[in-house]
Amino acid sequence: GQQVMQIPQYQHVQEGEDFTTYCNSSTTLSNIQWYKQRPGGHPVFLIQLVKSGEVKKQKRLTFQFGEAKKNSSLHITATQTTDVGTYFCAEDNSGGYQKVTFGIGTKLQVIP
Amino acid sequence: DTGVSQNPRHKITKRGQNVTFRCDPISEHNRLYWYRQTLGQGPEFLTYFQNEAQLEKSRLLSDRFSAERPKGSFSTLEIQRTEQGDSAMYLCASSFPPRNYGYTFGSGTRLTVV
């Protein structure tokens, strides 16, 4: 499947600042998933977005799926040191077989 | 059952040796996936199973790699005649759509080929 592009690849923010990572595809996506991987850890599922224009929130995290279903974003409000890690978007364009293809990820560093 | 279990956690092997990794998924999950991750990259798909059937295998996977999931429970990934380029973290994940679309990953097996 078409790999999604993620930007930026790296981001350093001061604790308390906001952070946003973007995921873009040249093709229409069936759905998009987001994962977080802490340093030395394994990816942990955060959320799946399916509907055009969908917005979901988890505490300080806000996930959006674009109207055209070709892009998605993850926004973290008032970052904390516990937010450190790499955030991956992953697309499932396998026609229902639920095989996801991961982006390269955005590595977030939070400076205390 | 608290999650996906992978063994061993670390494996150091000499080039040319065979290695086998094991994954025990969450018991109710019927789908099981193998991914490989190298430093600074996202997980790369290798293969996946629905129950005991292997439904897809990545073109990136050479014939030195083989995976099984007998009886639709645990799975093994074998690499024959290992090469230095096989050094990576091998991740197993399971899911149970439509109730659980997201993958639950294990802690991975880190392979180092020397």
_Those residues of the range B:27-45 which are in contact (Cβ under 8 Å) with a residue 40 or more places away in the chain and either of a type in the set (A, V, I, L, M, F, W, C) or at the interface with another protein chain (Cβ under 7 Å from one of its Cβ atoms) (or both), in sequence order_ = B:ARG31, B:LEU32, B:TRP34, B:PRO43
*Taking the residues in the range B:46-66 that are small (Gly, Ala, Ser) and out of contact with any Leu (no Cβ under 6 Å at 6 or more places or on another chain) as candidates, determine which candidate is nearest to the other protein chains (Cβ to nearest Cβ).*
B:ALA53
*Say we look at the range A:48-94 and pick out the residues that are under 22 Å from B:PHE45 (Cβ atoms) and β-branched (Val, Ile, Thr); which of these is farthest from the chain's Cα centre (by Cα)?*
A:VAL50
*Please find, within the range A:29-47, the residue that is farthest from A:LEU108 (Cα to Cα) out of those that are within 12 Å of another protein chain (Cβ to nearest Cβ) and hydrophobic (A, V, I, L, M, F, W, C).*
A:ILE32
*Take the residues in the range B:25-57 that are of a type in the set (Ser, Thr, Tyr) and part of a strand (DSSP E or B), then tell me which one is farthest from B:PRO70 (Cα to Cα).*
B:TYR35
*Here are A:SER52, A:SER73, A:SER26: which of them is more than 11 Å from every other protein chain (Cβ to nearest Cβ), in a loop (DSSP other than H, G, I, E, B) and more than 28 Å from B:ARG59 (Cα to Cα)?*
A:SER52
_Please pick out the residue among A:GLY16, A:GLY1 that is assigned to a loop (DSSP other than H, G, I, E, B), surrounded by fewer than 18 Cβ atoms within 10 Å (Cβ to Cβ), small (Gly, Ala, Ser) and modelled with pLDDT of 95 or more._
A:GLY16
_Every residue from the range B:68-107 that is in a strand (DSSP E or B), within 14 Å of chain A (Cβ to nearest Cβ) and not polar (S, T, N, Q)_ = B:ALA88, B:MET89, B:TYR90, B:LEU91, B:CYS92, B:ALA93, B:PHE96, B:TYR101, B:GLY102, B:TYR103, B:PHE105
_Can you find, within the range B:81-95, the residue that is farthest from B:ILE26 (Cα to Cα) among those that are out of contact with any Phe, Trp or Tyr (no Cβ under 7 Å at 6 or more places or on another chain), of a type outside the set (Ser, Thr, Tyr) and surrounded by 15 or more Cβ atoms within 10 Å (Cβ to Cβ)?_
B:ASP86
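The values are calculated or read from the model by the stated rules, or taken from the named source; none is laboratory data. Because the structure is predicted, anything quoted here is derived from the model rather than measured. Backbone-built Cβ (ideal geometry, glycine too); neighbour counts: all protein chains shown.
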